[in-house]
Structure formats: C-alpha cells, structure tokens
Amino acid sequence: MSKGVIDIQEAAPWLEAETPPGWRVNQEGVFRVPDDPEKDPVLVSGPVWVAGLTRDENGSDWGVLVRWIDLDRELRKWAMPRARLHDQGAGVAQDLARGGLFVAPGRERDLARYLGSARPERRFRCVTRLGWVDTTDGRLLFVLPHEVIGTRVGEAEEVVFQAEKYAPTHAFRAEGDLAAWREAVAKPCGDHPALVFALCWALAAPLLKPAGIGGAGAHFFGASSTGKTTLAQVAASVWGCGADPAAAPELSMVRTWRTTANALEGIAATHCDTLLPLDELGLCAASDVGAVVYELAGGAGKARMSDSARLQKTRTWRTLFLSTGEISIRQKIEERGRMAHAGQLVRALDIPAEAGIIRAPNGAAPREIADRLKAAAGTFYGTAGPELVRRLVAETKEFGTLRGEVRTILDLLARDLTPAQARPDQARAVRLLALAGTAGFLAQELGVLPWDNEVIVGALRFVLDAWTDVAPHLSDAARGVERVREFILRHRARFQALADPSADVPRDRAGFVTADGDFLILPSAFAEAVGDLDHRAVARELLARQLLKVDQSDRLVSKAPRSADAGRPPVYWVRAALLEEEGDAP
C-alpha cells in the first residue's frame, strides 16, 4: 500500500466523478444513499474510491486499484484482487483500516459492496510478483511493492503490483538515502571480503534474467559468533530492512529457515529478482531442506490440482538466496542418513565461515565491528537495490542492451576466475560468483557501491577458495540427472497434463505429466535434456536412484498410458521425486 501527500479539496471533484450510483463520496467520506429520500445518507468510511480495474496480460487475475485518504490526510493506493471483495467477513475493511482508512463500525460489508459496484473506465495491467516485467517492445520495467521502475508518464496502461493475499512485502521499505547507506553500511564492509561478496550477491539478483541464469543460493556455515547473521543483515539492507531478525522479526527482511517447502513458495515469489536472506538453517527440518533448495533455485512451485481436477496456476520466480547456519546444507540434508544430491549442492554453494566473515583491522574487535554494522543495516536500508535498477534502466533503456552488457562482463569475469582444468560443477559455481562480480562492477560504475573493482575481485576469489575446499565432484551421469531435472523445471509448460483431458496439447510437446507429478519424457526431449552426454548412462543413473519407472526390466523406456496417446509411444517415466530429495546421490 503506497502513499503520498494530497490536497483533499482538490481531489474531491474527481472522487465524485468516480462514485457509483447509490453512493456519495466527498471530503468527509463514503456515504450509502438510502432509497428513501427522507432518510439521511449513512457514513460508511473515510474517502476511498476505485481508480481503475486491473488485469494481467492474459485478461486474468482481475482486481481493483483502490485509492483512499488516510487519517493523516495522505493519499494511499492498493491494487487488490477482485476476489477479495467476495471474502467472508470483514477482511477487506480490516486491511484498509490497517492502512489508515476510517471504517465505521458495522459498515464493513457496505464498504465491500461499494468498492465492488464501481466500474471505472480506466484499466491497469497488474503483475502478481516482483521483478522484471516482460514488455512487447523490449523496454525495461521492474516492479517493487511501492514503485514500478521504468513506467512512462502518461502511459496508456500503467503497470501496478497486485499482491497475493498475505504476500510478505512488509520488509521492502527504505530508510535514509543511498549516500547514508554507502557511508554507514557499504564502506565499512570493504575490509571484509565475505561482506563485500554478500552485498554484490544481493545486488546480482536483478541480473539473473539478462544473464540467462536460474536461481541459486550461497550458504555461509560455521560455529556461532562468526558474523553470519551480520552478513545476512548487511545483504538484506540492499533491498529492505536489515534489522536483526531476532530483535525485530516483523520489520526485518531476514527470514529464518523455520518454514516448509510449501510456505516458502509464496515468500520466494515475493522476492523475485531480489535477494531472499535466510538465517539459521538448523531451524528447518532436514526432510524439507532438499526440496526447499530445489524449489528456490528451480524457480517454480509444485503443480497442484484444484477441486475441479484442473491444474492450478503455478508460482514462478527468479531469486538469489543467501543463507546462514552452523552446519552446511550438505550436512543438514544428510542428518537422517540420506545423501545429498549433487544438484542440491551446486544450486546452494556451501561456504565455510571459518575463513573469516568479519576481520579485525587495526586491532578493532570483531564484535564491535559486527554491532556497528548490524545497527547500521537496521537504520539505513532499502535504497541500494532499487537505485541500481533505476540507473541500469536509465543507462541501457531496453532489455537487449542490458543483456549484452551484463553477459560481456560476466563472460570476462568467469574466464578470469575459472581454474585450469575446472570440473563442470566448478565452472557453474564460478559463473554464479562471476554474476555477483558483474553486479559489483556495474554498481561501482553507477555510483551505488564505494569500492574499486580490485576489492570486488578479491572478495570473489576469497569465496571461491572457501567453496572449493568443501565442493562436491559430479560424475557425467550425475550431471545428466541434473540436466534432466533442470529441463523439467525449465520446460514444464511443454508437458501435457494427463489429469486434464480438456487441456490443449502444448507446442513442441516434451511429454506428459501424471496426476502424481511423474514426468513421461519423450525420447527426443530426453536427448534434448541430456545434450552431449550418454543418454543411456543418464537413464541408468536415474534407474539406480529409483527415479525411473520401467515396465520391463531389460528396457529403460516404458510405454505411455493410453490416456496419453492411443499409440502409446515410448517414454522415460521419471518419478516426481526427482524434483524433491528422495533417492541416493552419487
């Protein structure tokens, strides 16, 4: 819900023009006009009106853009799903009341009826997740809860953010200005490579799309009191409130791992193209960690069926998460005797914190440095990330230019950082680190970060060396399994749903998906997924991990069910567990 100062007297004529029949709006508020002219109008609420109707690019997710004047006489707005107007109870009135609108007791349903009866001519395009918005002309448009970066004045169809119900956007706020954040937070971090990396990692999230890289995580682990929470707070301050999550959980952008894979879907969608900081890995159940890592990095929630047996809309996102804990992600997954998938370990880089998150230059005590940084991150925040996006949009203007610039820097950095004879998993990790360096270089050039490029490169090498000490090794067959998993995550729209006979056949169909979430991959699509690797070796690896279903013991393919195709073509029947954490790792 955004706000701004308004002259209520000047606004009143426009409010009257937007008022639906049977209602009256003036500077005192909204009134229900009785049918009996002898009766006085009934006060429902303070001044509030529907400025326009919203819908997405497909003509779905209809909503209303509500504007109101709060008790401080400030103008506020909220793009609200239209379905909320049909909620039972007084939910809409309660939300508006929390936003400062006066609502007369007992008139909550009247308020919903008034808003629901408005039919203004103006239309807005709504988006339900943050980050980059696809545009037909390639221009750059980036959505934050209270701002759309790149919107043109007088645009025919303005873009607005229409959050899901209970979407956790509260921490996306700003306090102080960029200069104060640079001086109090970023500048002191220059002496600490891990903190330099954390800030670059946070700034790299908007570069995922132009770089063509999926989501990923960096997990710093080690004993208590090594500065891990300080690192998470500093990184969080790039996009929102960096307050200590233990002291101010309702304000801080730093979230804890105390969640499930299902609950984290909504949080991840809220942090699309921005940073998701997660503290205290130990709070998450070992049985959930693997699935959470896959989903966060994969960028898509689980496919779910509605009550009418139709596939529901799946949440999608791109995010970089920064995690902390006393043990590594690998150790956490293996707590119950299971082995971690190599794919989980290249999606979330385990970085030992013992190498030193906070150093002690000039004899200063690490605890004092940490305390100053923690206080600064909770005082000056939320300016660096949005400002980097604003300056990138202003400099590059359109997506193709941004993509070219990002990939040029990324390729050069990755080439310089990649060790000779690097394994494929090392090359992938290096490219992720190079993305953080690319963000650092651009932020330094555009005046968002205060250090020179040597400081940034030093931080990248520091983190790369720390990760290399604990990094896993991937066999070709294991890499093939990861490719199959990535193919499914990237191309889910190409799989036809067997549980929905009325569903259209996808363009360039890759196979079928069952009601249980198993993927039946056509041989041509399987070959596309594994690329230059031996597809039979990859299939045997899937079979060994109990992730491939076969109907004959001497064959790696199965026949598709008749509900898929009358001809029952051969398919690689890959179990849904591939996208979760069951099975053995190499």
- Task: Name the residue farthest towards the positive end of the dipole of the chain from the options Ala180, Leu320, Val455, assuming +1 on Cβ of Lys and Arg, -1 on Cβ of Asp and Glu, about the Cα centre.
- Result: Leu320
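Once you order the gyration tensor axes a ≥ b ≥ c over the Cα atoms, which shape class does segment 185-228 get: rounded for a/c under 1.5, otherwise prolate or oblate by comparing a/b with b/c?
Working: a/c = 3.96, a/b = 1.56, b/c = 2.53.
Oblate is the answer for segment 185-228, as a/c is 1.5 or above yet b/c matches or exceeds a/b.
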- Message: I want the local charge near Ala204. Using Cβ-Cβ distances under 13 Å, sum +1 for each Lys or Arg and -1 for each Asp or Glu among the other residues.
- Response: +2
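Could you please state how large a percent of the accessible area of the chain is carbon and sulfur, counting protein chains only and using a 1.4 Å probe?
On the way: 12090 of 25280 Å².
So the carbon and sulfur contribution to the accessible surface is 48 percent.
For the chain, rounded, prolate or oblate, judged on the Cα gyration tensor with a ≥ b ≥ c (square roots of eigenvalues), a/c < 1.5 rounded, else prolate if a/b > b/c? Don't jump to the answer; show the numbers that get you there.
On the way: a/c = 2.06, a/b = 1.28, b/c = 1.61.
It is oblate, given that a/c is not under 1.5 and a/b is not larger than b/c.
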- For Phe495, other-chain or 5+-apart residues with amide H closer than 5 Å (H placed, Pro excluded) are Ala510
- Given 0.36 nm per residue, what is the gain on full extension from Ala285 to Arg540 after removing their alpha carbon distance, in nm? 88.7 nm
- Note on the structure: Quick calc, Arg98 & Asp134: beta-carbon distance into FRET formula, R0 30 Å, rounding 0.05, result 0.40
- Item | Inter-label distance, nm, simple model (7 Å from Cα along the C-beta direction), Glu326/Glu395 | 4.3 nm
- Can you give the net charge of the other residues whose Cβ lies under 11 Å from the Cβ of Thr418, counting K and R as +1 and D and E as -1? +2
- Which distance in Å, rounded to a whole number, links the C-alpha centroids of segment 159-218 and segment 255-294? 17 Å
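With a probe of 1.4 Å, find how much accessible area the chain has per residue, and write the answer as a whole number in Å². Walk me through the numbers on the way to the answer.
Numbers: 25280 Å² over 586 residues.
So the chain comes to 43 Å² accessible per residue, rounded to a whole number.
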- Query: How many percent of DSSP beta bridges within the chain run antiparallel, rounded to 5?
  - Reply: 65 percent
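Where the only charges are on Cβ atoms (+1 Lys, Arg; -1 Asp, Glu), what is the dipole of the chain about its Cα centre, to the nearest 20 debye?
Working: 72 positive and 78 negative charges, 233 e Å.
Charge dipole, the chain, about its Cα centre: 1120 debye, nearest 20.
Starting from 0.36 nm per residue, how many nanometres of slack lie between Asp177 and Glu164 once their C-alpha separation is accounted for?
Numbers: separation 13, 0.36 × 13 = 4.68 nm, distance 2.91 nm.
Taking 0.36 nm per residue and subtracting the Cα distance, the gain is 1.8 nm.
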- 5 angstrom amide H check on Arg173, placed H, neighbours 5+ away: Cys241
- Keeping to pairs on different chains or 8 or more places apart, tell me how many lysine pairs in the chain have Cα atoms under 20 Å apart. 12
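How long are the semi-axes of the equivalent ellipsoid of segment 473-586, defined as square roots of 5 times the Cα gyration tensor eigenvalues? Whole Å, largest first.
Values: eigenvalues 101, 43, 34 Å².
They are 22, 15, 13 Å, listed largest first.
Using helices alone, what [θ] at 222 nm do you get for the chain, with -39,500 (n - 2.57) per DSSP H run of 4 or more residues, divided over all residues and rounded to the nearest 500? Mind showing how you got there, number by number?
Details: 19 runs with 207 residues, N = 586.
About -10500 deg cm²/dmol.
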- How would Ser502, Ser287, Ser225 line up by accessible area, probe 1.4 Å, largest first? Ser225, Ser502, Ser287
- Amide H to amide H, which residues 5 or more places from Ala348 or on other chains are under 5 Å from it, using H placed in the peptide plane? Gly217
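The values are calculated or read from the model by the stated rules, or taken from the named source; none is laboratory data. Computed from a predicted model, the values in this text were never measured in an experiment. As a convention, Cβ positions derive from the backbone with ideal geometry for all residues, glycine included, and neighbour counts pool all protein chains shown. We work out accessible area using only protein heavy atoms, side chains counted, and drop any ligands, DNA or RNA first. Shrake-Rupley method; radii C 1.70, N 1.55, O 1.52, S 1.80 Å.
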